Every structure is written in structure tokens, then in C-alpha cells.
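Computed from the coordinates by the stated procedures, all read-outs in this text should not be read as laboratory data. Please read all numbers here as calculations on a predicted model, not as lab measurements. Cβ sites come from the backbone with ideal geometry, for glycine too, and all protein chains shown count toward neighbours.
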Amino acid sequence: MKKAKKVTRIAYSDDLNQAKYDALNEIANRCGSIRTEVWRNYGSIGGLYARFRPVRDGWIAEGHLKNLPQRIWRVTLSDTLDDVKANREAAKEKVVRHIFINVDEKDK
């Protein structure tokens, strides 16, 4: 089974006025603060069992995100939780690799 790969796309625009640029920049800053908060709250042991729906439902109940369109913050939240999980899995792989390097043949 092939693993999914994540890519980053950069969009360029020729006729972008200052108001549109400022609005997009503000949205990017707000998405950045969402990513920061997700990493801070769920990027360690405390977020080991964090799943998208319970986190999303909690944020909606608190009225946490009123200044971003729902479609944008949901995708940002989902992507960031996926990044946290990918980072955790990569760390597990490194640990397993080091364990097997340091274990004697007779103990395997």
C-alpha cells in the first residue's frame, strides 16, 4: 500500500491589490496561530489520543474560532493534527532503529 505524501503549493498572483493581500496575510497569520496552539496542546504526551472530531467539537462549543471561515480552520486543524501524528510516528521509528542497533544478536 502506498503512503500518502503531503506537498506544499505556493500560489502566485499578478493582479492582487493591497486589500486582498492584507486579507490573505491575516488569514495566514490566523492559521499560523491555530497550528501553534495545536502543537502546544497536542504535540506532546497530552495529545497522544487527540482526534480531529473531539478537538473540533470542543473548539466549536467554546466558540474558539470566530474570525476564520470554518472550511479554512477545519483543514488547518486536521492537517496540523496529522503533522503531529506523523512526527510522533517518525520518532517511534528512530527509537526502534536505535534499539535494534544496540541489542546483541543473542537477545534478538
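Overview of values
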{"read-out": "Members of segment 41-53 that are assigned to a helix (DSSP H, G or I) and within 20 Å of Glu89 (Cβ to Cβ)", "value": "Asn41, Tyr42, Ile45, Gly46, Gly47, Phe52"}
{"read-out": "Any hit, segment 50-68, residues being touching a Lys or Arg at 6+ places or on another chain (Cβ under 6 Å), surrounded by 12 or more Cβ atoms within 10 Å (Cβ to Cβ) and hydrophobic (A, V, I, L, M, F, W, C)", "value": "yes"}
{"read-out": "Residue, farthest from Ala28 (Cα to Cα), within segment 54-85, restricted to residues that are hydrophobic (A, V, I, L, M, F, W, C), assigned to a helix (DSSP H, G or I) and without any contact (Cβ under 8 Å) to a residue 40 or more places away in the chain", "value": "Ala61"}
{"read-out": "Scan of segment 78-108 for residues that are among the charged types (D, E, K, R) and closer than 17 Å to Arg40 by Cβ, ordered by number", "value": "Asp79, Asp82, Asp83, Lys85, Arg88"}
{"read-out": "Candidate set from segment 12-49 (those that are of a type in the set (S, T, N, Q) and farther than 15 Å from Asp79 by Cβ); member that is surrounded by the most Cβ atoms within 10 Å (Cβ to Cβ)", "value": "Asn41"}
{"read-out": "Single condition Arg9 does not satisfy, out of (1) part of a loop (DSSP other than H, G, I, E, B); (2) surrounded by 10 or more Cβ atoms within 10 Å (Cβ to Cβ); (3) not polar (S, T, N, Q)", "value": "(2)"}
{"read-out": "Given (1) in contact (Cβ under 8 Å) with a residue 24 or more places away in the chain; (2) more than 20 Å from the chain's Cα centre (by Cα), index of the condition Asp14 fails", "value": "(1)"}
{"read-out": "Count - residues of segment 34-53 that are farther than 28 Å from Leu24 by Cα and among the aliphatic types (A, V, I, L, M)", "value": "3"}
